[in-house]
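Heads up, the thing below is written out as structure tokens.
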Amino acid sequence: MAISSPHRLSALDTNTVSDALDFLQLKGATYGLKPLWDCPKIVGRASTVKVGVKQDGTSPTVHLITPVIDAIATDDRILVIAGGTDGVSCWGDILANAAQAKHIRGTIIDGMSRDIDGSRDIGYPVYGRGVTMISARNRIVQVESGSPIQVRGRVTVNQDDYVIADRCGAVFIPAERILEVVELGERIDRRQALMVQDVRTGKPVSEVMHDTRFEAIHPQEKTPSPHAIAPSRSRSQNPKEASPEDQELSALFADSDTPAVSDALDKLGIPGQAFNIMPLTNYSKVTVGPAFTVSYLPASNPPGSVGDFIDDVAVGDVIVIDNGGRTDCTVWGDIMTQYAGLRGIAGTVIDGVCRDVNRAIDDGYPIFTAGRWMRTGKDRVQVGEVNQPVGIGKVRVQPRDIVVADANGVVIIPRDRAREVAEITRKIEKSEDGIRELISGGASIAEAREKLGYHSLQRKA
């Protein structure tokens, strides 16, 4: 690979690059820097900028970031900005337009952006902690540029280091190690493609994801031919069918949504709303099924299994994973997504993070998590217990409780109260449908709510 060209790096994703960095014991994966609109993947060389809080009585020596943009003369640059403050912008649409005019590939901010619609409208990629409306003027100043910076408090980024960012976040690769990282990343990518191929042909994921398969990715090992890990049998269907009662209870909520179920839970005094567990994308359909619960623990020495449980999950189940809200490593990726989809599993809920989100979104496999990141959980976490009570977003989940999840989030319904919750849910939905019909006919919202008793819908009986 020509060190000046990131073309081979462009063929990889942040998950694969993060794994390569792990193997090489390099820091580079960051958590918390996400695309601030539906940005495309960006790959390039870092132009570093450090900003800081303006001190009282001082005047900025330069206009924030503009000298860096003006000085860029190549088309392979990504601006990497560190030192931002929560709630205060250090990027906006005027800077985005200036950067695009200089053929800069995108901006990654350890901080906030505003005017994000302006960046989106011109197709300029921006990654960062979040968005705000508060201006940097008289609040943030440029401290220096072209020097080493600290991103997310753990990764040092030097001028000219390599950068890759996608839906899972941002990863930085030391320029002097780029060839080593990319070659290993390509080896990992080929190996995982073969593992996905095995999953598609029906090989149990416990065999496909066995530790020896991962160890074979080690830099000193050569990737075997597909024949070396050819599937021993073909099984594309799940032999574990849903029970009649599982099907019945799930069907009770098939036409409901989480707001109505949440209101029913409130009326019955049942705590079931999973806090901060959100969908990967704006799913148009509801996901319903009995909970197959899994808890993860920090890895032992030697580490234990990470995904063998999936061979025991029945058709229509929702896998509910308690990773204690950890965001420093994932417990779900593309191989698990592929296998779960083939086996007719309804979806996955994680109190933690997932990776390979492009696969899940493109395949339409529903995942609900506390976030996304590319760093593997291998050798960091392992399965603790299966089908025991777990905690998800501050909610206790028993095995076989009913999970309802959609674009609004996730609710958990105790199995022994599912019929009761479903009955109240239907009453609430019927009342709300009536309110909509009345206001369409000219009634005021106050009149419609009063007539149909809206204010008592969620109130405890």
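Scanning for something part of a loop (DSSP other than H, G, I, E, B), over 21 Å from Gly316 (Cβ atoms) and at pLDDT below 90, does region 235-247 turn up at least one residue?
No, there is no match, as no residue in region 235-247 is part of a loop (DSSP other than H, G, I, E, B), over 21 Å from Gly316 (Cβ atoms) and at pLDDT below 90.
Out of curiosity, is Thr156 open to solvent by 30 Å² or more (accessible area, probe 1.4 Å) and either modelled with pLDDT of 95 or more or part of a helix (DSSP H, G or I) (or both)? Reasoning before the result, please.
Numbers: open to solvent by 30 Å² or more (accessible area, probe 1.4 Å): yes; either modelled with pLDDT of 95 or more or part of a helix (DSSP H, G or I) (or both): yes.
It is true that Thr156 is open to solvent by 30 Å² or more (accessible area, probe 1.4 Å) and either modelled with pLDDT of 95 or more or part of a helix (DSSP H, G or I) (or both).
Taking interchain pairs and intrachain pairs at least six residues apart, which have beta carbon atoms under 7 angstrom, with the first residue in region 133-156 and under 12 Å from Phe172 (Cα atoms) and the second among the acidic types (Asp, Glu)?
Val151/Asp110; Arg152/Asp110
State all residues of region 65-82 that are open to solvent by 20 Å² or more (accessible area, probe 1.4 Å) and not β-branched (Val, Ile, Thr); if no residue qualifies, say none.
Pro67, Asp70, Ala71, Ala73, Asp75, Asp76, Arg77
Quick check on region 256-270: of everything there that is touching a strand residue (DSSP E or B) at 6+ places or on another chain (Cβ under 7 Å) and closer than 10 Å to Ile413 by Cα, which residue is most open to solvent (accessible area, probe 1.4 Å)?
Ser262
Of the residues that make up region 271-290, is at least one surrounded by 24 or more Cβ atoms within 10 Å (Cβ to Cβ), at pLDDT below 95 and in contact with a Pro (Cβ under 9 Å, 6 or more places away or on another chain)?
no
Could you check, for region 34-45, whether at least one of its residues is over 23 Å from the mean Cα position of the chain (by Cα), surrounded by fewer than 22 Cβ atoms within 10 Å (Cβ to Cβ), within 27 Å of Gly371 (Cα to Cα) and modelled with pLDDT of 95 or more?
Yes: one or more hits.
The values are calculated or read from the model by the stated rules, or taken from the named source; none is laboratory data. The model shown is predicted, which means the values in this text are computed figures rather than measured ones. With ideal geometry, Cβ positions are generated from the backbone for all residues, glycine too; neighbour counts draw on all protein chains shown. Ligands, DNA and RNA are excluded from the accessible area calculation, which covers all protein heavy atoms including side chains. Shrake-Rupley method; radii C 1.70, N 1.55, O 1.52, S 1.80 Å.
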